[in-house]
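Colleague: Have a look at the structure that comes next, please.
What follows draws every value from the coordinates through simple rules; no lab data is involved. Quantities reported herein were computed from a predicted structural model and do not represent experimental measurements. Reconstructed Cβ throughout: ideal geometry from the backbone, glycine too, with neighbour counts over all protein chains shown.
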Amino acid sequence: MKQLRTRVRIGIPSHRPKKSSKKPMKANKQRRAKTPCQLKAHFIIPLYEHRVMVIVSEKPGSALGEYAGIFGHLAADDQVGTDNCSGFVVQGLEQHSDCFCVGFKGPDISVNTIAHEVLHLTMRLLARNDIEPVLDNRGGDETHAYLAGWITEVLYEEFRKAGIKVVCRRNDA
């Protein structure tokens with residue numbers, strides 16, 4: 001049996017400020033600065049060939065802004081909403097509809113948020129391929145379950161490599 005390989009590319013920006021000889025900007029001028037990220041990675045879903053980008057940042061919506069050409073208005077206009085939530089999933093526009101981005105608010109991520117966003121991502125990936133869950137006792141939703149498990153393993157491995165802490169925030173009130 002032929003084993004599938006995953007292609008994963010990681011780029012973790014340095015958090016050290018670059019030395020610059022430019023004069024500081026005046027307060028009335030605004031420049032779009034890149035948002036520091038704990039993790040920017042992507043992977044390919046093997047069978048479906050969909051690209052999934054992963055962003056972990058204190059302001060994940062702002063970090064998504066770099067990809068406005070792929071993800072459209074959400075990346076450009078709704079940064080405040082996505083910066084304040086603990087996670088989100090967006091799908092690319094038209095010619096980029098096979099691209100997805102899952103964003104998480106760092107510095108650490110809760111198990112609950114990972115499960116929540118993986119479910120959204122799984123449903124959108126399979127809906128993109130016209131695969132709907134069949135809820136019966138014959139395993140009609142196994143495709144969704146296997147894909148969700150695979151995505152979760154890839155995310156956990158990326159978080160581990162980047163040193164991102166996964167926590168359990170349980171409120172027993």
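Colleague: Can you give the extra length, in nm with one decimal, that the chain gains between ARG128 and VAL166 once fully stretched, where that is 0.36 nm per residue apart less the Cα-Cα distance?
Modeller: Gain on extension, ARG128 to VAL166, equals 10.8 nm.
Colleague: Could I ask something else about it? What number comes out for the charge environment of VAL56, summing +1 per Lys or Arg and -1 per Asp or Glu over other residues with Cβ under 10 Å away?
Modeller: Summing Lys/Arg as +1 and Asp/Glu as -1 gives -1.
Colleague: May I ask what percent, to the nearest 5, of DSSP beta bridges between residues of the range 35-167 are antiparallel?
Modeller: Restricted to the range 35-167, the bridges split so that about 55 percent are antiparallel.
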